[in-house]
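The values are calculated or read from the model by the stated rules, or taken from the named source; none is laboratory data. What you see is a predicted model, and the numbers here were worked out from it, not measured in a lab. In this analysis, Cβ positions are derived from the backbone assuming ideal geometry, glycine residues included, and neighbour counts consider all displayed protein chains.
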Amino acid sequence: MAQQPLLSLPEFQSVSTGTLVVKEPLNFWGGARVKPKDTKNSEPVYEPATADQECRDEIARAEVANNGKSITEAQVDIDVAWQCIEYYAGIAPTLSGQHIQLPGGSFAYTRREPLGVCVGIGAWNYPFQIAAWKSAPAMACGNAMVFKPSPMTPVTAVMLAEIYKEAGVPDGLFNVVQGGAETGGLLCHHPMVAKVSFTGSVPTGKKVMEMAAKGVKQVTLELGGKSPLIIFKDCELENAIKGALMANFLTQGEVCLKKYLISSPVLCFYRDIARAHRVAANLQAGTCYINNYNVGPVEVPFGGYKMSGFGRENGQVTIEYYSQLKTVVVEMGDVESIF
Ligand code: NAD
């Protein structure tokens, strides 16, 4: 892969709102795991469960200024981000292929390889968390990531970049580029970019997909939704009311906006659990909650159906969205020829 800093390219000259310093430009690191420089500095990435309080609160306070959400919610976002980074740092050394036996002692094997340079484009409602959800699995799979936060919330993704750097992530592996639609468009079109992972609105998601399609690039789309809610007569009413309040008013009601198609997270409140499973199986939605709302452990895949997008974030399955499978077939006998 040719190595050239993105912002040195002529088409980027007019859209940069800052400087992207890439000493070892975007050279994805071939599947190697992040190597911490020393134990102390690696704590934020490798021991997030014990991440120091000062760092968490500093980022949470910046997120409040960045986005306007409450400090309590911002702290939860930072914790969720740490869990995600820890989870994928743990998964990184476990990535493996498959061995397939063939007749005559021959065999094939598969290798899980990185895609290359992945672009992450974030929405304004979860700035730090989205940056972590995209960068952690991308880097665990051996990719580099160029992340563009929303121009409305540019601050905390840069703090994440600083944390990665302190933890020993080599320069050029996680880059933050500031800008709006034009910058996002240039990233999607860029020939060195292998994949775009987008979180945002449905209309922008469609444009991102269209742009990526021109370069036959992989896309993950996490698009809008509006948490439809089904409450059955036999529900535990108090839980149902609490769930409805969380669904509609968490983050001032700006969790997932403006889409009323049943394809985004759906909540069902029941006591008859068999009925709950039956309804969940018949809903065309990528994420369903039974008797709860917004429970998102990092090991559980999250994503939508239909107009809420495709691809998944969190969970082991996300490895498949940030890597590609190579098959190697090994012949152990003579080559048979029909000539
Ligand atoms: P948006 O679509 O306006 O912007 C999202 C990002 O795309 C921003 O970084 C923006 O600068 C960039 N962008 C805008 N035009 C672009 C273009 N032409 N090419 C490339 N990039 C472009 O969305 P928003 O208002 O920032 O975010 C709110 C939306 O995000 C809501 O619809 C919400 O439901 C959705 N959302 C979904 C999830 C999820 O997981 N499904 C999570 C959070 C937010």
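All but one of (1) polar (S, T, N, Q); (2) crowded, with 18+ Cβ neighbours inside 10 Å; (3) at pLDDT below 95 hold for Gln252; which doesn't?
Only one criterion is unmet by Gln252, namely (2).
What is the residue count in region 120-141 for residues that are out of contact with any Phe, Trp or Tyr (no Cβ under 6 Å at 6 or more places or on another chain) and crowded, with 23+ Cβ neighbours inside 10 Å?
Applying the first criterion (out of contact with any Phe, Trp or Tyr (no Cβ under 6 Å at 6 or more places or on another chain)) to region 120-141 yields 122-130, 132-134, 139.
Now drop any that are not crowded, with 23+ Cβ neighbours inside 10 Å, which leaves 122, 126-130, 132-134, 139.
Of the residues in that region, 10 qualify.
Report the residue count in region 72-99 for those that are touching a residue at least 24 places away in the same chain (Cβ under 8 Å) and touching a strand residue (DSSP E or B) at 6+ places or on another chain (Cβ under 8 Å).
2
Filter region 181-191 down to the residues that are touching a helix residue (DSSP H, G or I) at 6+ places or on another chain (Cβ under 9 Å) and not hydrophobic (A, V, I, L, M, F, W, C), then identify the one that is farthest from the ligand (Cβ to nearest atom). Step through it out loud before you land on a result.
As a first pass, look at region 181-191 and keep what is touching a helix residue (DSSP H, G or I) at 6+ places or on another chain (Cβ under 9 Å): 181, 183-190.
Cutting the leftovers down to not hydrophobic (A, V, I, L, M, F, W, C) gives us 183-185, 189-190.
Working: Thr183: 7, Gly184: 2, Gly185: 4, His189: 9, His190: 12 Å.
Result: His190.
Output the number of the condition that Gln324 fails; it satisfies all remaining conditions of (1) out of contact with any Asp or Glu (no Cβ under 6 Å at 6 or more places or on another chain); (2) modelled with pLDDT of 70 or more.
(1)
Among the residues of region 147-159, write down those that are within 15 Å of the ligand (Cβ to nearest atom) and of a type outside the set (Val, Ile, Thr). So that I can check it myself, show each step before the final result.
We begin by selecting, within region 147-159, every residue within 15 Å of the ligand (Cβ to nearest atom); these are 147-158.
Phe147, Lys148, Pro149, Ser150, Pro151, Met152, Pro154, Ala157 - these are the residues of region 147-159 that are within 15 Å of the ligand (Cβ to nearest atom) and of a type outside the set (Val, Ile, Thr).
Quick one: Glu162 ticks every box in (1) touching a helix residue (DSSP H, G or I) at 6+ places or on another chain (Cβ under 9 Å); (2) under 30 Å from Pro93 (Cα atoms); (3) more than 10 Å from the ligand (Cβ to nearest atom) except a single one, so which number is it?
Going through the list (1) touching a helix residue (DSSP H, G or I) at 6+ places or on another chain (Cβ under 9 Å); (2) under 30 Å from Pro93 (Cα atoms); (3) more than 10 Å from the ligand (Cβ to nearest atom), Glu162 breaks only (1).
If I filter region 169-180 for residues that are within 7 Å of the ligand (Cβ to nearest atom) and hydrophobic (A, V, I, L, M, F, W, C), do I get at least one hit?
no
Would you mind stating whether Gln284 is at pLDDT 90 or above, surrounded by fewer than 17 Cβ atoms within 10 Å (Cβ to Cβ) and away from the ligand (no atom under 11 Å from the Cβ)? Break it down stepwise before answering.
Working: at pLDDT 90 or above: yes; surrounded by fewer than 17 Cβ atoms within 10 Å (Cβ to Cβ): yes; away from the ligand (no atom under 11 Å from the Cβ): yes.
For Gln284, the condition - at pLDDT 90 or above, surrounded by fewer than 17 Cβ atoms within 10 Å (Cβ to Cβ) and away from the ligand (no atom under 11 Å from the Cβ) - is met.
For region 309-339, name all the residues that are surrounded by 17 or more Cβ atoms within 10 Å (Cβ to Cβ), of a type in the set (S, T, N, Q) and touching a helix residue (DSSP H, G or I) at 6+ places or on another chain (Cβ under 8 Å). Walk me through how you get there before you give the answer.
First, the residues of region 309-339 that are surrounded by 17 or more Cβ atoms within 10 Å (Cβ to Cβ): 309-315, 318-319, 321-323.
Restricting the remaining residues to those that are of a type in the set (S, T, N, Q) gives 314, 318, 323.
Passing the criteria: Asn314, Thr318.
If Ala194 satisfies every condition in (1) closer than 16 Å to Ala138 by Cα; (2) within 13 Å of the ligand (Cβ to nearest atom) but one, which is the exception?
(2)
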